[in-house]
Amino acid sequence: MAAWFFRKIYSTFLPTLLGASLLSFFLLRMVPGDPVLNLLGERGGNPEMVEAMRARLGLDKPLLEQYGIFMSQAIRGDLGQSVISKEPVLVEFAARMPATLELAIVALFWTIMIGIPLGILAAHFRGWVDVGVVGISLIGSSLPIFWWALVLILYVSVGWNLLPVSGRIAVQYDVPLWSGFLLIDVWRTEEPWPAFISALRHLMLPSLVLGTVNLALLLRMVRSGILEAMDEDFVRLARAKGAGRFRVLWVHALRSAWVPVVTVLGLMVGSLLTGAVITETIFSWPGVGKWIVKSLEARDYPVIQGAILLFAAMMLMVNLLVDVIYLWVDPRMRKGLSS
Amino acid sequence: MKQPNFFKHFFQRLGLSGSIGFVLLSVVFLAAILASPLSPYSPIEVYTDSVKIPPGSVSPSGQKYILGTDDLGRDLLSRVLHGAQVSVGIGFAVVIMSGFFGVILGLLAGSFGGWVDQVIMRGIDLLMALPSLLLALVVVAALGPGLQNCILAISLVSLPSITRTLRAGVLIEKNKNYVWASKHFGSSWFRTYFFGVLPNCMAPLIVQLTYAFGEGILNAAALGFLGLGAQAPLPEWGTMLADGRSFLESASWLVIWPGFCLFVTVLGVNLFGDGLRQWLLSTGNRT
Amino acid sequence: MSLLKVSGLKIGFPTSSKRKALVEDISFEMLAGETLGFVGESGSGKSLTSLSLLDLLPETLKVTGGQVSWEGKSLFAMSDAEKQKLRGQTAAMIFQNPLSSLHPCYRVKDQIYECFQLGDQVKQSDYFDRALQLLKEVGILEPEQRLNAYPYELSGGMAQRVVIAMALARNPKLLIADEPTTALDVTIQAQVLRKILELQKQRGLALILVSHDLGVIAHMTQKIMVFYAGQIVEAGLTSEVLKNPKHPYTKALLKCRPQAQTQEFPFIAGQVPNSDTWTEACRFAGRCEYVQEICRSKAVSLTSFTADGSGARSPGAYRCHFPLSAQTLTSAQELKSVQHV
């Protein structure tokens, strides 16, 4: 087991991470025009300032050396400083990460809570229920997130005035950050309930929006996983043993359907990340996504560079986790492991 | 009288949802092609007296706007129709670019194997290290906003799946007799692979390209929405959504219609793509 | 009272009535402890018939005619709950691919326990011991280890033994085995078949064995039914039918064994006709060496004959206009080679 794990890290994790770092590093160095001038704007007319900035960013050294410095610093956790805020990139990232995580987790919650039951319903009842559910999944997977968000805002917030559309919590609540997760941190204040409700209300719309596309995908995978399992030999034998429809679906088909579902989980993480970028922008959610968009617009290169590396690392870790879950879900995968 | 049979056969093979997708796409394509003749006004012309007119109403100067106007007084219907033109154009551009390079890379990787394959696949893995939109964002950040860079970025995003699809197909075909025969009869690599192997890999390729078309349009709109794609005054649906967002309450039609068209287009592509996949790659499974 | 009685069974497509029935006019009866073999090529309808006995046909097919009765009760009059009770308890069925018949994600012991759970005769505390007992009964070595194993850790032969153990878990009266050894190595085939025969004798099980291999059927069953193109073309006592086949197809099948001495590989020329072309006339006509004009046009039905008093003939049936007269095979050796598994 340990050998498999290390082999995975060596063959997949590290090279991809290395590749991502190369990508971010060299991509930004290929920007047309002088990055220093871009940053300085009008002040670029002053040659001393330009030189100072260049030296500060380390842009006067040869390319390979720059990369070397970048990587050696990165390993030690120093991803440079944001040009805009002057704070270390890693600190900024860590400060905003919990907001995005909270959003993503709640979105995943919706995805699983709605997607899996609907998939099971469709597979069990077939007929019109099935058609309806498949229709929902087709529509859901074609919805542009930003439009869906705006439509929801239009009707739910503006129209019916039910839910707020910006920020994580109503302004009047001052919650001291401890874990970074508001839903947890509110419990450390004196009157947690109103703040908790407010935080929940603020989470509603963005998490629903973020979770929708994944919901459609999960729904389809659960449904097709169950339906395909129904055609398998082991289901035939189960029925021959005397198992009824219910048991066949819940114990045999569903269990087998976990396998393709877990495959999809890995994809969903990527989708959550990209979705977060858009969702946070629309809902003014102070997370990593919004931060990266702002940094892109402002050409804050250290941030962009560091953020890419961090995102890639995050995704790789999740994919590694998914591979481990895979082993647990499908015993056949364990074949190559220890024996 | 072969015509009716062909159409019936075509729609039968596509299935119900595939046919619906085909119809939706046809409508969008028609709108794209006939945008200019169909538009009552020019998409970029500003009518200063017709600012934020709701759909169906008439401006003070007596002009009718079927879908209303935006905050600068531009007719929404005309903009939406031309938006179809822009999106369809983007879609095809992405398909051509990622298709062209993807096919070449896939052929090279699959046919040569060895270190060529390793290098290409590592490059592909690199591109796949980041989720699609993020990669596009980074490329656009590096190159600057604008439609062309946007298309380039998105083509890069769609490249991996095309390359992998083709490479998988080539790996299967490589061992077949006709490839051996072609090589031993002295055909060049180009001839063997482009005219021999490639046609046999078309089915999954066509399906992938269809999805890439939809993906491209959606990603372009996302970039447009974030201000990094098509720039004003170009009528791209995503950009229009960003503009309309500020007027969500006062002129909601500016948000509803462009987004709806985008949704319908993507839906059409997905349905059609699924129908194509069932037709070309069917294994006899029901879904 | 018979354990299982089938009359005029017909299996076809419920959705499109235009298509011909895949199986028709199947009738037979099973008493406790009897063994019956279904023999035929792929597509002859033997597997479909066996599936229909427990109402396990795939969704696209349905029994469109005839009757199936278990211990007097009609299968089609049963509720779902009664059918579930029938399966596993009164009759059990095993299939061709043992490794895919077992659920890949559950351990062997859990899959055997499921059999006990579906019945209600074994107490949960006894599950382990009973499962162990079953595995020993089917001849699995080191049963304790096998119980904890996942199916992917088993060989084909072991997996099939596990499947057989599961089938016998609730002590059914009839076992339907659909090509149980076709997917196994030849040496393992013999072992598993021998075990099935042993279990059948020990438990007094009735057995329906479906196979395309005449040798297997000859060794394992008392009665035989030969299937061709969805119909029974010959039926009777196995020893009788193999010694004196009445239907040209049966005779041709008997000849189809590689002859080591003469280095021949006899085969039946032609192919099984497509189900769309089936008619009421003889479906073997295109390949029969004794065919006459009338065979292609005149409807042919199953002619049964009962035993005659002297015991020289046993009950049987044939579907032919010109049944072969009693004749022994060319050499006693052929009979022996057919019986040897």
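The values are calculated or read from the model by the stated rules, or taken from the named source; none is laboratory data. For clarity, every value in this text was computed on a predicted model and none was experimentally measured. So basically every Cβ, Gly included, is an ideal-geometry build from the backbone, and we count neighbours across all protein chains shown. Heavy atoms of the whole protein, side chains included, go into the accessibility calculation; ligands, DNA and RNA do not. Shrake-Rupley method; radii C 1.70, N 1.55, O 1.52, S 1.80 Å.
Legend: Rg and Dmax of segment A:115-154, from Cα coordinates, 12.5, 36 Å. The accessible-area loss of segment A:220-253 on complex formation, taken against its chain alone with a 1.4 Å probe, reaches 50 Å² or more at A:233, A:234, A:236, A:237, A:239, A:240, A:241, A:242, A:247.
Rounded to two decimals, the Cα radius of gyration of the protein assembly as shown over 2.2 N^0.38 Å is 1.18.
Working note: Cα gyration tensor of segment A:90-285, eigenvalues times five, square-rooted, sorted largest first, giving semi-axes of 37, 18, 15 Å.
Three principal axis extents describe the C-alpha atoms of segment B:1-144; from largest down they are 71, 56, 22 Å.
Comparing C:154, C:135, C:54 in a Gaussian network model of chain C, where Cα atoms under 10 Å apart are tied by springs, the biggest mean-square fluctuation is seen for C:154. Summarising the overall dimensions of segment B:88-224 from its C-alpha atoms, the Rg and Dmax are 16.1, 52 angstrom.
Residue separation of residue A:78 and residue A:197 scaled by 0.36 nm, minus their Cα-Cα distance, works out to 39.0 nm of gained length. Just report the Cα centroid separation between segment B:205-270 and segment B:27-72, whole Å. If we compute the Cα centre of each part, the gap is 18 Å. The C-alpha atoms of chain A occupy a region whose extents along the principal axes are 85, 58, 41 Å, arranged from largest to smallest. Distance from the alpha carbon centroid of segment C:187-240 to that of segment C:106-171 works out to 25 angstrom. Centre-to-centre, using Cα atoms only, segment C:43-89 and segment B:156-187 are separated by 49 Å. Over all distinct alpha-carbon pairs, what is the Kirkwood Rh of segment C:90-169 in angstrom? That comes to 12.4 Å for segment C:90-169. Estimated at the nearest 10 Å², the accessible area of residue A:315 is 20 Å² with a 1.4 Å probe. Residues in the protein assembly as shown average 46 Å² of solvent-accessible surface per residue, probe 1.4 Å, ligands and nucleic acids excluded.
Largest to smallest in accessible area, the residues C:110, B:274 fall in the order C:110, B:274 (1.4 Å probe, all protein chains included). Taking Lys and Arg as +1 and Asp and Glu as -1, the other residues whose beta-carbon sits under 12 Å from that of residue B:160 total +1.
In this structure, residue C:125 and residue C:145 have a Cβ-Cβ separation that, at R0 = 22 Å, corresponds to a calculated FRET efficiency of about 0.55. Rounded to the nearest 0.05, what FRET efficiency do residue C:31 and residue C:77 have when you use their Cβ-Cβ distance and R0 = 25 Å? With a Förster radius of 25 Å, E is 0.70.
When you work out D = kT/(6 pi eta Rh) for segment C:122-267 at 10 °C and 1.306 mPa s, using the Kirkwood radius from C-alpha pairs as Rh and the Stokes-Einstein form, the result is 92 µm²/s.
Principal-axis analysis of the Cα atoms of chain A puts helix A:47-56 at an angle of about 50° to the longest axis.
Ellipsoid semi-axes for segment C:1-160, based on the Cα gyration tensor and the rule √(5λ), read 33, 19, 15 Å when sorted largest first.
Bridging of residue A:86 to lysines at a Cα separation below 29 Å is possible for A:61, A:290, A:294, once same-chain residues fewer than 8 apart are set aside. Sequence-distant contacts, meaning Cα pairs under 8 Å at least 6 residues apart, place the relative contact order of segment A:171-260 at 22 percent. Calculate the translational D of segment B:184-243 in whole µm² s⁻¹ from Stokes-Einstein, where the hydrodynamic radius comes from the Kirkwood formula applied to all Cα pairs, the temperature is 10 °C and the viscosity 1.306 mPa s. It diffuses with D of about 112 µm²/s by this estimate. Given R0 = 60 Å, the distance between the Cβ atoms of residue B:246 and residue A:10 translates into a calculated FRET efficiency of 0.75.
The modelled label-to-label distance between residue A:61 and residue B:185, using points 7 Å beyond Cα along the C-beta direction, is 6.0 nm. Within the same chain, lysines fewer than 8 places from residue A:241 are excluded, and of the rest, those with a Cα less than 19 Å from its Cα are C:83, C:85, C:109, C:123, C:173.
Calculate the spin-label point distance for residue B:7 paired with residue A:233, positioning each point 7 Å from the Cα along the beta-carbon direction, and give it in nanometres. Calculated label separation equals 4.8 nm. Relative contact order for segment C:1-155: 22 percent, from Cα pairs under 8 Å spaced at least 6 residues apart, divided by residue count. Diffusion of chain C by Stokes-Einstein, at 25 °C in a medium of 0.890 mPa s and with Rh set to the Kirkwood radius over alpha-carbon pairs, works out to 115 µm²/s. When the convex hull of its Cα atoms is viewed from all sides, segment A:116-182 shows a mean projected area of 7.3 nm². Across chain C, the longest run free of exposed loop sites, meaning trypsin sites (Lys or Arg not before Pro) lying outside DSSP classes H, G, I, E and B with no more than 10 other Cβ atoms within 10 Å, spans C:124-341. Computed as a quarter of the hull surface, the mean projected area of the alpha carbon convex hull for segment B:2-286 stands at 19.0 nm². Label separation (residue C:7 vs residue A:71): 8.5 nm, computed from points 7 Å beyond Cα along the C-beta direction. Of the listed residues A:70, A:26, the order by accessible area with a 1.4 Å probe, largest first, is A:26, A:70.
Let's test this: bin the Cα-Cα distances of segment C:207-305 at 5 Å from zero up to the farthest pair and state each bin's percent. Reading the bins upward from 0: 2, 12, 21, 23, 20, 14, 6, 2, 0. Separation of the alpha carbons by more than 28 angstrom is noted, of B:8/C:18; C:201/C:243; C:73/C:243, for C:73/C:243.
Under the criterion of Cα pairs below 8 Å and six or more residues apart, the relative contact order for chain B equals 25 percent. Applying the Kirkwood pairwise sum to the alpha-carbon positions of segment C:168-240 produces a hydrodynamic radius of 13.2 angstrom.
Figure note: C:152, A:155, C:127 ranked by solvent-accessible area, largest first, 1.4 Å probe, ligands and nucleic acids not counted: A:155, C:152, C:127.
Please build a GNM for chain A, connecting alpha carbons under 10 Å apart, and tell me which residue among A:113, A:221, A:204 fluctuates the most. Between A:113, A:221, A:204, it is A:113 that shows the largest mean-square fluctuation.
The GNM of chain B, with springs linking C-alpha atoms under 10 angstrom apart, assigns the highest mean-square fluctuation among B:55, B:131, B:43 to B:131.
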